[in-house]
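The values are calculated or read from the model by the stated rules, or taken from the named source; none is laboratory data. Since we're looking at a predicted model, the values are computed, not measured. Counting neighbours? That spans all protein chains shown, and the Cβs are built from the backbone with ideal geometry, glycine included. We work out accessible area using only protein heavy atoms, side chains counted, and drop any ligands, DNA or RNA first. Shrake-Rupley method; radii C 1.70, N 1.55, O 1.52, S 1.80 Å.
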Amino acid sequence: MNVNYDSQQPTGHSPAGTSARERVVYEPITRRRPFTLPGGARVAVWTIVNVENWSPEIAMPRTVLPPPMGKPLLPDIPNWCWHEYGMRVGFWRFLEALQSRGLRATLALNGSTCTQYAEACTAAREADWEFMGHGYVQKPMHHVDDQALSIRQTIDAIRAFTGKPPRGWESPGLTETAETIDLLAEAGIEYVADWVLDDQPVPIRTRSRHMVSVPYTVEINDVVISAIQQQPSEEILRRGRDQFDQLYKEGETIPRVMAISVHPYLTGAPHRIRYLEALYDYILAHDGVLMCTGEEILDIYNAQAEPAPATGGAP
């Protein structure tokens, strides 16, 4: 099958209501232009550490304890403290686990955490982690009154803290409205993690400029594993190892991307952190693995992608 890759580039005229199917061309991974990784690697693995700002004065994004007699109460102290433990303790376990193995992460952060959790953000900056936008506060995009403003606030906060704007974006809860991807492109975002539909980067049409989906995960993601499915503590290791094994086997002929998404209040808990460390040790014992960040995967993809046509919007 010969795919016209130029047809996947932005037209410059995509309306806000363009459907998801129209934005991403269906293209089987077995029948597309080859995507390769440096050094002949089989799998590129990136870690996303999600750092969020939960307000105790409003309903929590997630809960670990239901309210007594089913009657919600604000402030929600027990569930807010569940999250707060992650920022006070769990985050630092992530930092040690990664640094001791010479690994860098992509920090998906609410813009407001640059001031609310300045010490954690400073530690990530000093560890040379990539900073990726994750909304200004932890609120689904369809509940944000002014998405364009929230996106600008997030970008501005990260730019002020790190000296450069984020290149990537992960919406809270992976939520988007019909116009979110266009607003992100217009704000200068180059890649998103919301579109979990492939094992390789793929282009997304927007009404203005080039946008790429870098493979993210809802499978090796501790919100799904621990908070929603409530699996045993070791599940991130068992499932992560199985995920890696399959991608590594397939990557011999068609290279793949594997994401590991963790949150300090979940995998940063004492009874879970050892299994994340064991997963890293298992992956690192293999040759042909590229440990990287989201923007590094983006650069690898862009270096191989065909250029957009001259009339197809900003490159």
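Just a few scattered comments:
- Put simply, of D199, D194 the only residue that is closer than 26 Å to E250 by Cα and open to solvent by 30 Å² or more (accessible area, probe 1.4 Å) is D199.
- Answer residue from the range 111-134, given it is open to solvent by less than 20 Å² (accessible area, probe 1.4 Å) and more than 23 Å from M258 (Cα to Cα) and is nearest to the chain's Cα centre (by Cα) among those: G111
- Close contacts from the range 124-138, counting a first residue that is at negative phi and without any contact (Cβ under 8 Å) to a residue 60 or more places away in the chain and a second that is polar (S, T, N, Q) and open to solvent by less than 20 Å² (accessible area, probe 1.4 Å), with Cβ to Cβ under 9 Å and a gap of 6+ residues or different chains, come to F131/T106; G133/N110; G133/T154; G133/S171; Y136/N110; Y136/S112; Y136/S150; Y136/T154.
- Pairs where the first residue, in the range 284-300, is without any contact (Cβ under 8 Å) to a residue 24 or more places away in the chain and the second is surrounded by 19 or more Cβ atoms within 10 Å (Cβ to Cβ) and assigned to a strand (DSSP E or B), C-beta under 7 Å, 6+ apart: none
- Every condition in (1) surrounded by fewer than 20 Cβ atoms within 10 Å (Cβ to Cβ); (2) assigned to a helix (DSSP H, G or I) holds for D182 except the one numbered (1).
Results for (1) β-branched (V, I, T); (2) within 30 Å of A185 (Cα to Cα); (3) at pLDDT 95 or above, shown as yes or no for each residue.
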| position | (1), (2), (3) |
| --- | --- |
| P28 | no, yes, yes |
| V45 | yes, yes, yes |
| N53 | no, yes, yes |
| R62 | no, yes, no |
| P66 | no, no, no |
| K71 | no, no, no |
| S100 | no, no, yes |
| L103 | no, yes, yes |
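- Pairs where the first residue, in the range 209-229, is over 30 Å from P66 (Cα atoms) and the second is aromatic (F, W, Y) and surrounded by fewer than 24 Cβ atoms within 10 Å (Cβ to Cβ), C-beta under 7 Å, 6+ apart: V212/Y301; S213/W195
- Selection count where residues are in contact with a Pro (Cβ under 9 Å, 6 or more places away or on another chain), open to solvent by less than 10 Å² (accessible area, probe 1.4 Å) and not in a helix (DSSP H, G or I), scope the range 135-176: 2
- Hits in the range 82-94 (condition: open to solvent by less than 60 Å² (accessible area, probe 1.4 Å) and not β-branched (V, I, T)): W82, H83, E84, G86, M87, G90, F91, F94
- Once the range 251-263 is narrowed to residues that are more than 14 Å from V45 (Cβ to Cβ) and either in contact with an Asp or Glu (Cβ under 9 Å, 6 or more places away or on another chain) or without any contact (Cβ under 8 Å) to a residue 12 or more places away in the chain (or both), the residue that is surrounded by the fewest Cβ atoms within 10 Å (Cβ to Cβ) is T253.
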